[in-house]
1. Residues to consider are 97, 92, 115, 78; find the one that is part of a helix (DSSP H, G or I), touching a helix residue (DSSP H, G or I) at 6+ places or on another chain (Cβ under 9 Å) and either closer than 22 Å to residue 17 by Cα or in contact (Cβ under 8 Å) with a residue 60 or more places away in the chain (or both).
2. If you go through the range 12-34, how many residues are crowded, with 18+ Cβ neighbours inside 10 Å, outside any helix (DSSP H, G or I) and touching a residue at least 40 places away in the same chain (Cβ under 8 Å)?
3. Looking at the range 50-75, which of the residues that are exposed (fewer than 12 other Cβ atoms within 10 Å of the Cβ) and in contact (Cβ under 8 Å) with a residue 40 or more places away in the chain is farthest from the chain's Cα centre (by Cα)?
4. Exactly one of (1) within 23 Å of residue 158 (Cβ to Cβ); (2) in contact (Cβ under 8 Å) with a residue 24 or more places away in the chain; (3) out of contact with any helix residue (DSSP H, G or I) (no Cβ under 6 Å at 6 or more places or on another chain); (4) surrounded by fewer than 20 Cβ atoms within 10 Å (Cβ to Cβ) is unmet by residue 273. Its number?
5. Which of (1) modelled with pLDDT of 95 or more; (2) exposed (fewer than 15 other Cβ atoms within 10 Å of the Cβ); (3) farther than 22 Å from residue 143 by Cβ is the odd one out, the single condition residue 47 does not satisfy?
6. Being touching a strand residue (DSSP E or B) at 6+ places or on another chain (Cβ under 7 Å) and within 29 Å of residue 178 (Cβ to Cβ) is the filter here, so list the residues in the range 243-275 that pass it.
7. How many residues, within the range 294-323, are at pLDDT 95 or above and either over 30 Å from residue 119 (Cα atoms) or not in a loop (DSSP other than H, G, I, E, B) (or both)?
8. Read through the list (1) assigned to a helix (DSSP H, G or I); (2) over 25 Å from residue 326 (Cβ atoms); (3) in contact with a helix residue (DSSP H, G or I) (Cβ under 8 Å, 6 or more places away or on another chain), then give the number of the only condition that residue 244 fails.
C-alpha cells in the first residue's frame, strides 16, 4: 500500500523568481495522473491536518517560529535571500509538517505501508534556530521527533538522497542516537550548505549516528549506487530501525540547475529499490517519504515515478534499468572518499 499526502495549501506558498515553486508539485501530480497510478487498488490519497504553532517548539526555537509567522503576516519577507515568505507560507509550513507527521503515522501502522508526503515548503535545511535553503521548518525532523515522543518508536533512520546535505536534520539530531541520519549529497566544497563532510558524525550520545556521504561532482548513477551499497545497508542493518523516513530530493538529476550529481531517472529507481529492500529486511517495509528538492522540470515527473515504482504493486517504471544507469568513470575520487568515510565510521559500525 502506498499513500500520497497532498493539500491545496502546498501550492499557495510562492517565492518571487525562485524555482522552488508550485510548478514542482504540478509536474509530479501530472505524472501520477498520466500513469493512472491512483487507479491501482493499493494506492490512495489523503489530506493532512496542519500541526499547531506550539507543536513546532518541540524542534524549533520560538524565535524562528515568530519570524516565519510574522513574515507571513507582512507578506513578502526575505528571511534569507532564497527563503522568502508570502501571506500563505506559515499556514503551508504548518500543514507541511502535518503531512510529514501523517506519512510517518501511516507507515507505522502495519507492515509494507509506504507513505509519500507531497509537501511544500521543503524542510531538511531548517535548523533549530534558522530557516534557509527554501526551508522554513524541518518537516521530516518534526515527524521523527513526534513518532519517538508520542508513538514510542525507539529507533528511526532518516535517509536523505537530496543533492544537498540535510544540515537542518543533522543539527536537530546531532546529539541523539534514537534517530540515525544518513545523507548522500554532492561535494560540500561546491554545494550548499557547504557542510556534510565525513567527519561530521554527531556528538555526545549522537556520536557516530550522523553519517555523511559526500560525493564527487557529476558522479553518475553507478558510482552513486556504489557509495550507497558500501555504507548504507551495513549501517541500517546494524541499527535496526523500526521505521525508515526518506528525505526525497530530485535535484541530483543531471543538469538540475541547483544540483551536481548527474543522476538519471533510472538512478532514482535503483535508489528506491535499495531502500525498499532494506526496509523489508529490517522494519517490515515501513517507509515514509517527504518531498525535498528537484528543479529540472522536464525530468522531475519521470524521476518521481521511477522513485515510487518499487512501492506500487502493479506499476514498474522500467523493468530493466541495468544498461541505462549512467557512469562518470570517476572512480579515483570516489574511492578516496569511501576510504575516508570507512575510517571515520569504523569505530561505530561494522563496515568492511
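1. Result of the check over 97, 92, 115, 78: 92.
2. Count: 5.
3. Among them, the one singled out is 63.
4. (3)
5. So the condition that residue 47 fails would be (3).
6. Hits for the range 243-275 are 243, 244, 245, 246, 247, 248, 252, 275.
7. 15
8. The single condition residue 244 does not satisfy is (1).
The values are calculated or read from the model by the stated rules, or taken from the named source; none is laboratory data. This one's a predicted model, so the numbers in the text were calculated from it and none came from an experiment. Using ideal geometry, Cβ is built from the backbone for each residue, glycine included, and neighbour counts are taken over all protein chains shown.
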